[in-house]
Amino acid sequence: MMSIRHNVSLSELNTLKLKGQASAFAAFNSLESLIELQRSARELNLPLRVLGGGSNILLAEHVNALVVQSSAETINLVHEDDAYAWVDVDAGVDWHQWVCCSNQYGYGLENLALIPGLVGASPVQNIGAYGVEAGELIEHVVGYQLSTKQLRILTASECRFSYRQSVFKRELKNDFVILRVRFRLHQTFSPNLTYAPLDTLDRDGLTSDALIQAVVGVRNSKLPDPAVNPNAGSFFHNPIVSETLALTLRKQNPAMPQYPQVVGVKLAAGWLIDQCGYKGKAIGPVSMYEKQALVLTTKEGATLAHVRTLQKAVQHSVYSRFGVWLEPEPQVFE
Ligand code: EPU
């Protein structure tokens, strides 16, 4: 029997440390225990909600659900050939810990070091940094579909990864519990150093461990430590606008960073927010971080309502100045 606790505070289980309570909470470590919890949720007349590492959610004050979290932490080399190594990693493994030991098996995840959260959440928003996205190294995702009660394996193409997007945030939202992710790592270390400031690293003699350390250094210098300044990484998506709008904006703001995409042009939300004077600005217990305007941080006692107030102020300010509407990256958990 899985142990279910009632009226559980989730404040310590979300990295923004927002105040919030779940009607019920339980950890699970196998498909069997998850199925048992689905049955319990029905008996309790509550929906089932899966929580990952809580690093990309906006916690509501009352979560009327049985909240479940994976505590499975196995890493297993499945198969290898000359080019690749395939490794199964359970949803409950800490993402950064996985990145740090992934090079015992193969290469490719170095640029994604120090991203907070659990492995099970990595495909959901296709986490990315410094020119690499998790989806590029995922072979498939194994999970349980709640509505059909089926164990399913979704190939990378079925996951439909794109910039901070996947099927898990769309059609399968709230309906799919990720149990395990199969990664396909490279046998040869061929680092992606295209993005600043990694482009200043010397490729010769660079090791996978050294690259991981370099990424950790960069992130620590720019991004707040969630243990000190509660945050959820980038708070808004970088908006992708039409080439026409990008050109107009560039004429009015010659210094505006722009990154051409296959379709459209990506703008730096942090730059837009900074220009609007919101860097370091607080409304009540929430503020935009003083060293990176794209990151929202909270102080004790902050709730989703406080976050919404600052979010809206930033959205309206950026919209009235640049005509671009910013969308939040973390998803409401309710
Ligand atoms: N900028 C400013 N002021 C600021 C912040 C940024 O002028 O306050 C400018 C920077 O100088 C730079 C540009 O905006 O010219 C882009 O900034 P940065 O390189 O820091 O990257 P970002 O676009 O803010 C994205 C990801 C991060 C990822 C970094 C590195 C998104 C929404 N964010 O941030 O991902 O770590 O690139 O690859 O795509 C996350 O998603 O949670 C996250 C942290």
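The values are calculated or read from the model by the stated rules, or taken from the named source; none is laboratory data. Just so you know, these numbers come straight off a predicted model, no measurement behind them. No Cβ is skipped: glycine too gets one built from the backbone with ideal geometry, and neighbour counts run over all protein chains shown. Ligands, DNA and RNA are excluded from the accessible area calculation, which covers all protein heavy atoms including side chains. Shrake-Rupley method; radii C 1.70, N 1.55, O 1.52, S 1.80 Å.
Below is a table of values for the structure above.
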| quantity | calculated |
| --- | --- |
| Ratio of Rg to Rh over the chain (Cα coordinates, Kirkwood Rh, two decimals) | 0.97 |
| Positive-end residue, the range 75-220 charge dipole about Cα centroid, Cβ charges, pick of N174, A134, F189 | N174 |
| Dipole magnitude (debye, nearest 20) for the chain, charges at Cβ of Lys, Arg, Asp, Glu | 1380 |
| Computed lengthening from E136 to S71, 0.36 nm per intervening residue step minus Cα-Cα distance | 20.9 nm |
| For the range 75-220, the fraction of alpha-carbon pairs in successive 10 Å shells from zero, as % | 12, 42, 33, 11, 2, 0 |
| Angstrom value of the Kirkwood radius, inverse mean 1/r, which spans all Cα pairs in the range 205-251 | 14.1 |
| Whole-percent carbon and sulfur share, accessible surface of the range 75-220, 1.4 Å | 46 |
| Percent of alpha-carbon pairs separated by more than 20 Å within the range 46-127 | 40 |
| HN-Hα J in Hz across the range 196-207 - Karplus 6.51, -1.76, 1.60, θ = phi - 60°, x for Gly and Pro | 5, x, 5, 5, 8, 6, 7, 5, 5, x, 5, 9 |
| Radius of gyration, Dmax [the range 224-333; alpha carbons; angstrom] | 14.2, 43 |
| Cross-link reach list, lysines versus K299, counting only Cα pairs under 27 Å and skipping chain neighbours closer than eight places | K17, K19, K222, K279, K281, K291, K312 |
| Packing-based order for 70-82, 269-281, using average beta carbon neighbours within 10 Å, highest first | 269-281, 70-82 |
| Calculated P(r) tail over 21 Å for the range 198-281, as whole % of Cα pairs | 51 |
| For the range 5-70, the Rg and Dmax computed from alpha carbons only, in angstrom | 11.4, 31 |
| In order through the range 231-243: 3J(HN,Hα) via Karplus (6.51 cos²θ - 1.76 cosθ + 1.60), integer Hz, x for Gly, Pro | 7, 10, x, 4, 7, 10, 5, 6, x, 9, 10, 5, 4 |
| For peptides 152-164, 190-202, 172-184, 297-309, sequence by mean Cβ density within 10 Å, most packed first | 172-184, 297-309, 152-164, 190-202 |
| Projected area, mean over directions - the range 174-234, Cα convex hull, nm² | 7.0 |
| Amide H within-cut-off set for V63, under 5 Å, with H built and near neighbours excluded | Q21, A22, S23 |
| Calculated from backbone phi, Karplus (6.51, -1.76, 1.60) coupling profile of the range 278-295 in Hz, x at Gly/Pro | 8, 5, x, 7, 10, 10, x, x, 10, 8, 8, 4, 5, 9, 8, 5, 7, 9 |
| Accessible solvent surface per residue of the chain, calculated while the other protein chains remain in place, 1.4 angstrom probe, Å² | 47 |
